Amino acid sequence: MENLSDYKEISDMIKASGGDAFKRCFQCGLCDIVCPWNKVRSFSMRKIVREAAFGFTDIESEELWLCTTCGKCPTHCPRDVQQIESGIALRKIATEYDILPASAAPIRGISGSLTGEGNPFNEERKKRADWAKELGVKEFDEETELLYFTGCYFSYDPRLKKAAIATVKILKKAEVNFGILGQKESCCGESIRKTGNEQLFKKLAYQNINTFVENGVKKILVSSPHCYHTFKNEYPELMGNFEVIHISEYLWKLLDGKKLKLQKEYNKKVTYHDPCYLGRHNGIYSQPRQILKQIHGLELIEMEETMENSLCCGGGGGRIWMETPKGERFSDIRLQQAINAGAEVLVTACPYCIANFEDSKLTVKGGEQIEIKELAEIIERVI
Ligand code: SF4
Ligand code: SF4
């Protein structure tokens, strides 16, 4: 920050960016009561909203980068302050001025990688479909009915690749006419948008929309709730209108339509974690549970804080790319809740949740006694 006129400009931008939404807040504090951060440290969305209403936000503050966009406080806010959108508006200003605190600094590298290679790992674009090499997955063409949009984590992350492979095996068993786009696929852009980098989000989104249109894609299957959310709710803003289906919905359809049969037993106590972007943001709670309940031998048990009250894993809003100190990781608490419930397996349907839970497993006491599974991995075992 060079001089006072910069401060004035930022102050005006802050006032303008949250606009009326910030001013609607009457400081009831409900957002702070429900926010998962207050389980591990003090954090006040109420304070952020208050300061922004007057243009007094400290744009260099680490606090601006804490919100995981879990969706809990907007569902409780009596004044529709739209804390997530308001918080992202503040991040946009910080991003525009390139004022990132130490905790958010990794986002610079992530943005570079997304710009250059279309993924956050700085992996080569041409290796995007390597995970599918041995599986005989066809490249999407005009004759293909369903695009399996694999997503970055399922394409490159060694742990999540296993879930992508399980998904492909299921689709093949059900004789689904599907294909992938391989290196023509780019990151969906959902999480980088939540860090305030609107420009990069649009670049990635337009790349995907053009690719979908050029290849005649109409129906898209996704494993990540983040891809699901942005394709379904955000791409239409950019004239990208496609039928989008999450793997949990699709598996339910395949089972319901008798295209898949659950033949084997899975004799374990299983608990299901609702990912924020599947549950609270998109209302998908029942299908994953219905699927699991149909599996012979599987006992489905619930943890505390389920469904609408599900505890965030900590990975949304770009937090997956930021370091969260030990003692402040929501996924540690969630894993402990699963262990306390007596689960032998914690199953979920989101790459960020899986990545965070696998990390927590290494450090939480008793972590070695519980398995982390993606929904498709369990189904693939029993068909
Ligand atoms: S819940 Fe809404 S009205 Fe209440 S303090 Fe938070 S933002 Fe303000
Ligand atoms: S969206 Fe979730 S993490 Fe963000 S402030 Fe609200 S409750 Fe906290």
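For region 67-79, which residues satisfy the criterion of being within 15 Å of ligand 1 (Cβ to nearest atom) and closer than 23 Å to Pro275 by Cα? Correct list: Cys67, Thr69, Cys70, Gly71, Lys72, Cys73, Pro74, Thr75, His76, Cys77. Look at (1) crowded, with 21+ Cβ neighbours inside 10 Å; (2) within 16 Å of ligand 1 (Cβ to nearest atom); (3) at pLDDT below 95; (4) not charged (D, E, K, R) and you find that Gln82 fails only one, number (1).
If you go through region 101-118 and pick out every residue that is surrounded by 21 or more Cβ atoms within 10 Å (Cβ to Cβ) and assigned to a loop (DSSP other than H, G, I, E, B), you end up with 1.
Please determine, by comparing only the residues of region 356-383 that are touching a residue at least 60 places away in the same chain (Cβ under 8 Å) and in contact with a Phe, Trp or Tyr (Cβ under 7 Å, 6 or more places away or on another chain), which one is nearest to Gln290 (Cα to Cα). Applying the filter and picking the extreme gives Ile378.
Of all residues in region 9-41, exactly one satisfies the criterion of being within 23 Å of Thr306 (Cα to Cα) and among the polar types (S, T, N, Q), namely Asn38.
Given the residues Leu260, Leu251, Leu292, which is the only one that is in a loop (DSSP other than H, G, I, E, B), among the hydrophobic types (A, V, I, L, M, F, W, C) and in contact with a Leu (Cβ under 8 Å, 6 or more places away or on another chain)? Can you show your working first?
Numbers: Leu251 fails: in a loop (DSSP other than H, G, I, E, B); Leu292 fails: in a loop (DSSP other than H, G, I, E, B).
Checking each option against the conditions leaves just Leu260.
Being within 24 Å of Glu190 (Cβ to Cβ), of a type in the set (S, T, N, Q), part of a helix (DSSP H, G or I) and more than 12 Å from ligand 2 (Cβ to nearest atom): is that true of Thr95 here? Yes; evaluated as a whole, the condition is true for this residue. Restricting the first member to region 65-93 and to residues that are at negative phi, and the second to residues that are within 9 Å of ligand 2 (Cβ to nearest atom) and hydroxyl-bearing (Ser, Thr, Tyr), the beta-carbon pairs closer than 6 Å and six or more apart or on different chains are Ile84/Thr69. Within region 75-92, being within 14 Å of ligand 2 (Cβ to nearest atom) and in contact with an Asp or Glu (Cβ under 8 Å, 6 or more places away or on another chain) holds for one residue alone: Thr75.
Here is a list: Ser61, Ser5, Ser17. Which entry is modelled with pLDDT of 90 or more, away from ligand 1 (no atom under 14 Å from the Cβ) and more than 22 Å from Tyr277 (Cα to Cα)? None of the others qualify; the one that does is Ser61.
Going by the conditions given, is Leu311 in contact (Cβ under 8 Å) with a residue 24 or more places away in the chain and touching a Cys at 6+ places or on another chain (Cβ under 9 Å)? Yes. Annotation note: Cβ proximity below 6 Å between a residue of region 210-223 that is at negative phi and a residue that is among the basic types (Lys, Arg) (sequence gap 6+ or interchain) occurs for Thr211/Lys184.
The values are calculated or read from the model by the stated rules, or taken from the named source; none is laboratory data. No experiment lies behind these values; they were computed from the predicted model shown. Ideal geometry is used to build each Cβ from the backbone, glycine not excepted, and the neighbour counts take in all protein chains shown.
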